[in-house]
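Scroll down for the structure; my scribbles are underneath it.
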Amino acid sequence: MESFARFEQSRGWNEEETLVIEQVKRITTDIIAPNAEAFEGRKEFPWPNFEAFRQIGLNGIFVPEEYGGSPVSYRCFLEIVRIISEACAATGITFGTIGASIKPILEFGTEEQKLRFLPRFLDGAIGALALTEPHAGSDAGNMRTKFRPDGDDIIINGGKIFITSGNVADFILLFGKWTELGDSSKAISAVILEKGTPGFDIIRLESKMGTHASPTAEIAFTDCRVPRANLLGRPGEGMKIMLSVLNKSRPSVASQALGIASAAMNDMIAYANERVQGGKRIVEHQAIAFMIADLATELLAARLMLDHVGHLVDSGTRDMSVEASMLKVKASDLAMRMATDAVQVFGGHGYVKGHRVERLMREAKITQIWEGTNQIQRQVISRDLITH
Ligand SMILES: Cc1cc2nc3c(=O)[nH]c(=O)nc-3n(C[C@H](O)[C@H](O)[C@H](O)COP(=O)(O)OP(=O)(O)OC[C@H]3O[C@@H](n4cnc5c(N)ncnc54)[C@H](O)[C@@H]3O)c2cc1C
């Protein structure tokens, strides 16, 4: 579509960004897209995709040059997650989560922590974020995991559910309450937990509706001892860290959603141009043509919004939480609508396995739920409407 081609031409990536986007597109075309169905079907973590990223040093986009990285703009990161998610949403989710786990180390970590952890990420380490508990979903402040200081160590007891990459991550940014500070949300603190730490167990993996190549783990801690040197920020600073993480990760969920939406749009247009019913291609039936026209318009608008939020972050805007919420709602609701309508355009062929749209519809749903449900995002947006 000419409109999308003109949009692409207008985006103004610099030389490094153009190069990394081309490298990622090559990997998605050659490695990720052709194998997405197979990893999904086998419910297997797509290690070859992350080996390909490691070989081009893709985690380096999160790390400043002084620590050996090759950073790109946040807007470019969002585009990379969108491109990866178009090929395989599970891989996009995993990659976005790695970024979300590195950023707080840069923002709140000590020099010693940066020097200790960033080289491991540069070498391809996988990161995870652990907030959610059985009693603390949308109400994350209600978490019960405890961090008890003990000399040079912290002893962790509790558990988390629904942790993306929890079983494969080299590092987990883990949130819990500092026992000396009581039980309110002011006690929430954050530690960096390394894979293999004694007392840290994987309880089980969830059986899900979609994104099967992105494992979702229940994890538990029993007298799990981590060095106090792994505490991120000060005790009680966890809420601040959490909000900063979520503000940056919500736009990346929007990128995942727009990757899924882009894939659904492309498949839908190709099929509508090919399938003949009633003596003409179904795209020539006005009911189908107008449905796709509306969706294409929405997709272009959402992609412009994604770039806008990227620009806000890159220009140093400190509080873009409302825009991040608006973007997450817009992109994820569109992904769900786009994937559902794509199945409709494919008719019965869309409902059975064999065409990608069936998978896309199952993948789209999670983008409305995680990183704060869309109800919670609407609360953030509506609070901004109230005059004081
Ligand atoms: C596949 C998957 C991957 C995930 N990955 C991670 C991860 O890596 N790390 C992590 O920490 N968590 C992760 N999560 C957890 C996810 O972020 C939570 O599921 C989500 O925040 C919602 O919490 P909940 O499931 O407990 O739902 P609840 O909070 O119980 O919400 C249930 C319903 O009530 C609504 N609701 C709740 N509170 C309010 C309110 N105040 N006002 C209006 N409506 C409300 C919600 O919108 C929802 O519709 C993941 C979840 C899934 C399914």
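The values are calculated or read from the model by the stated rules, or taken from the named source; none is laboratory data. Model, not experiment: these values are computed from the prediction. As a convention, Cβ positions derive from the backbone with ideal geometry for all residues, glycine included, and neighbour counts pool all protein chains shown.
With assigned to a helix (DSSP H, G or I), away from the ligand (no atom under 16 Å from the Cβ) and not assigned by TED's automatic domain parsing to the domain that holds ARG42 as the only criterion, which of GLY316, GLY350, GLY354 stands out? Talk me through it step by step, then tell me what you get.
Numbers: GLY316 fails: assigned to a helix (DSSP H, G or I); GLY354 fails: assigned to a helix (DSSP H, G or I).
Within the list GLY316, GLY350, GLY354, the selection yields GLY350.
(1) touching a Lys or Arg at 6+ places or on another chain (Cβ under 8 Å); (2) away from the ligand (no atom under 11 Å from the Cβ); (3) within 29 Å of GLN377 (Cβ to Cβ): which one isn't true of THR179, the others all being true?
So THR179 meets the others, but not (3).
Would you confirm, using the coordinates I've provided, whether LEU304 is assigned to a helix (DSSP H, G or I) and either surrounded by 14 or more Cβ atoms within 10 Å (Cβ to Cβ) or within 16 Å of the ligand (Cβ to nearest atom) (or both)? Walk me through it before giving the result.
Numbers: assigned to a helix (DSSP H, G or I): yes; either surrounded by 14 or more Cβ atoms within 10 Å (Cβ to Cβ) or within 16 Å of the ligand (Cβ to nearest atom) (or both): no.
Against the criterion (assigned to a helix (DSSP H, G or I) and either surrounded by 14 or more Cβ atoms within 10 Å (Cβ to Cβ) or within 16 Å of the ligand (Cβ to nearest atom) (or both)), LEU304 does not qualify.
Filter the stretch 153-190 for residues that are closer than 18 Å to GLY109 by Cβ and either modelled with pLDDT under 95 or of a type in the set (D, E, K, R) (or both) and give the result. Before you say what the answer is, go through the steps one by one.
Within the stretch 153-190, the first condition is being closer than 18 Å to GLY109 by Cβ, and the residues that meet it are 154, 169-176, 178, 188-190.
Selection gives ASP170 alone.
Can you say whether ILE154 is among the hydrophobic types (A, V, I, L, M, F, W, C) and either in a helix (DSSP H, G or I) or closer than 22 Å to ALA254 by Cβ (or both), as far as the supplied structure shows?
Working: among the hydrophobic types (A, V, I, L, M, F, W, C): yes; either in a helix (DSSP H, G or I) or closer than 22 Å to ALA254 by Cβ (or both): no.
So ILE154 fails the test.
With the requirement that a residue be more than 17 Å from VAL245 (Cβ to Cβ) and within 13 Å of the ligand (Cβ to nearest atom), what does the stretch 140-157 give you?
ASN142
Considering only the stretch 191-209, I want to know if a residue exists there that is closer than 24 Å to LEU106 by Cα, modelled with pLDDT under 95 and among the polar types (S, T, N, Q).
The answer is no, given that none of the residues of the stretch 191-209 is closer than 24 Å to LEU106 by Cα, modelled with pLDDT under 95 and among the polar types (S, T, N, Q).
In the stretch 36-53, what count of residues is obtained for those that are surrounded by 17 or more Cβ atoms within 10 Å (Cβ to Cβ) and either of a type in the set (S, T, N, Q) or out of contact with any His (no Cβ under 7 Å at 6 or more places or on another chain) (or both)? Let's see the steps before the verdict.
Start the filter on the stretch 36-53 by keeping residues that are surrounded by 17 or more Cβ atoms within 10 Å (Cβ to Cβ), which leaves 36, 39-40, 45-46, 49-50, 52-53.
Add one more test, that the residue is either of a type in the set (S, T, N, Q) or out of contact with any His (no Cβ under 7 Å at 6 or more places or on another chain) (or both), and what stays is 36, 39, 45-46, 49-50, 52-53.
Summing the residues that are surrounded by 17 or more Cβ atoms within 10 Å (Cβ to Cβ) and either of a type in the set (S, T, N, Q) or out of contact with any His (no Cβ under 7 Å at 6 or more places or on another chain) (or both) in the stretch 36-53 gives 8.
Which of the residues that make up the stretch 357-369 are surrounded by fewer than 21 Cβ atoms within 10 Å (Cβ to Cβ) and either away from the ligand (no atom under 12 Å from the Cβ) or in contact (Cβ under 8 Å) with a residue 12 or more places away in the chain (or both)?
Applying the first criterion (surrounded by fewer than 21 Cβ atoms within 10 Å (Cβ to Cβ)) to the stretch 357-369 yields 358, 362, 365, 368-369.
Once the filter is applied, which keeps residues that are surrounded by fewer than 21 Cβ atoms within 10 Å (Cβ to Cβ) and either away from the ligand (no atom under 12 Å from the Cβ) or in contact (Cβ under 8 Å) with a residue 12 or more places away in the chain (or both), the stretch 357-369 yields GLU358, ARG362, LYS365, GLN368.
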